[in-house]
1. I need the Debye-formula profile for the chain: one equal scatterer per C-alpha, no solvent, reported as log10 I(q)/I(0) at q = 0.06 1/Å, two decimals.
2. Reachable lysines from Lys135, Cα under 19 Å, same-chain residues fewer than 8 places away excluded?
3. Can you say what percent of the DSSP beta bridges in region 148-275, counting only those with both residues inside, are antiparallel? Round to 5.
4. Along each of the three principal axes of the Cα atoms of region 74-129, give the extent in whole Å, ordering the values from largest to smallest.
5. Step through the residues of region 238-243 one at a time and calculate ³J(HN,Hα) from phi using the Karplus curve (6.51 cos²θ - 1.76 cosθ + 1.60, θ = phi - 60°), rounding each to whole Hz and writing x for Gly and Pro.
6. Apply the Karplus parameterisation 6.51 cos²θ - 1.76 cosθ + 1.60, with θ equal to phi minus 60°, to every residue of region 79-89 and state each ³J(HN,Hα) to the nearest whole Hz, in sequence, with x for glycine and proline.
7. Would you mind checking the tilt of helix 225-237 against the longest principal axis of the Cα atoms of the chain, expressed as 0 to 90 degrees and rounded to 10?
8. Provide the packing ranking of 113-121, 268-276, 92-100, i.e. peptides ordered by the mean count of other C-beta atoms within 10 Å per residue, highest first.
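A short reminder: the numbers here are calculations on the coordinates, not readings from a lab. Since the model is a prediction, treat every value here as computed from it, not as a measurement. Every residue, glycine among them, receives a Cβ derived from its backbone with ideal geometry; neighbour counts consider all protein chains shown.
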Amino acid sequence: MPSTHQAIADERNEDILIYVDGEYARRHEAKISVFDSAFLVGDGIWEGIRLHHGQLAFLDRHLDRLFSASERTGIGLGMDRHGMSDLLYSVLARNGMTDGVHVRLMVSRGLKKTPSQHPSNLVAGPTVVIIPEYKQADPSVARSGVSLFTASVRRPPSNTLDQRINCHSKLHEVMALIEAVDAGCDEALMLDVNGHVATCNATNFFAVAGGQVWTSTGEYCLPGITRGVVIEVCQSAGIPIQVADFDLDLVHGADEAFVTGTFGGLTPVRAVDGHEFGDGTIGPITSKLSELYESAVDADVAKRASHTGGDR
């Protein structure tokens with residue numbers, strides 16, 4: 001069953017070095033304590049970042065989101081932006097990585113002296129883990145697209161669990177995904193508390209209808225870096241886009257649909273709830289936006305390379 005996170009197998013990943021709080025461990029030896037806040041209560045924040053031609057694509061945007069999440073959750077990072085950037089690049093250098101890599105950066109509130117939510121039980125600062133993997137999206141998924149099923153599990157409001165924070169508390173998304181898989185689909189489309197289309201369980205959702213691109217207001221979904229870039233390239237290329245509430249009727253009658261994420265970029269959606277789009281191949285707007293997005297990635301890394309002399 002295809003997935004937007006389906007990757008081409010790469011044997012080099014067996015020998016990667018994973019960073020865990022100042023130390024490096026091989027893949028099958030990397031561990032955190034059972035008393036870590038992330039394991040105990042899902043108390044952590046994270047980022048997924050793409051290494052492209054020696055540069056971390058859209059790093060400034062990722063750091064903006066990470067440090068915003070740190071401030072809002074009170075989870076300290078133990079370093080400033082420059083320190084975090086240096087650490088990420090040092091992990092990549094330790095692994096000799098320059099391209100085709102996906103980096104998972106995770107920060108938990110830290111170790112507890114006993115299983116508990118209360119911060120008074122913290123015994124150390126934040127736990128920082130960085131997992132760099134050689135990870136290229138499987139091109140067969142982009143060719144065939146994915147099917148979505150609208151889950152009964154909905155995205156909660158910001159005063160319950162703010163979906164704009166990239167946190168470790170993903171159980172509702174996993175439950176939605178399992179419901180979709182059980183229904184014979186690849187991934188889940190999720191609605192907000194008002195019944196409007198919000199996002200998918202692990203990616204952001206876009207529909208193309210009546211010559212316009214539609215995506216949610218963003219109130220009930222992660223502010224995806226790829227999502228934001230797609231909105232910007234639509235605006236700069238003169239492609240009409242609506243960032244607004246819309247319902248399933250628009251989706252079911254759409255001409256095209258696609259999802260976005262740092263790992264897979266733009267992935268076409270071939271069907272939602274059994275409603276198929278076009279002839280099952282990637283639609284013209286999706287194809288155009290995919291090209292514009294990849295050009296934006298290239299431009300960002302080229303700009304970063306010029307500012308760092310090409311070594312960062």
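1. -0.20
2. Leaving aside lysines fewer than 8 places away in the same chain, none come within reach of Lys135.
3. Beta bridges within region 148-275, antiparallel portion: roughly 70 percent.
4. Here the Cα extents, ordered largest to smallest, are 41, 21, 15 Å.
5. Taking θ as phi minus 60°, the curve returns x, 8, x, 9, 10, 9 Hz for region 238-243.
6. 6, 8, 4, 5, x, 5, 4, 4, 5, 4, 5
7. 40
8. Most protected by this proxy first, the peptides run 268-276, 92-100, 113-121.
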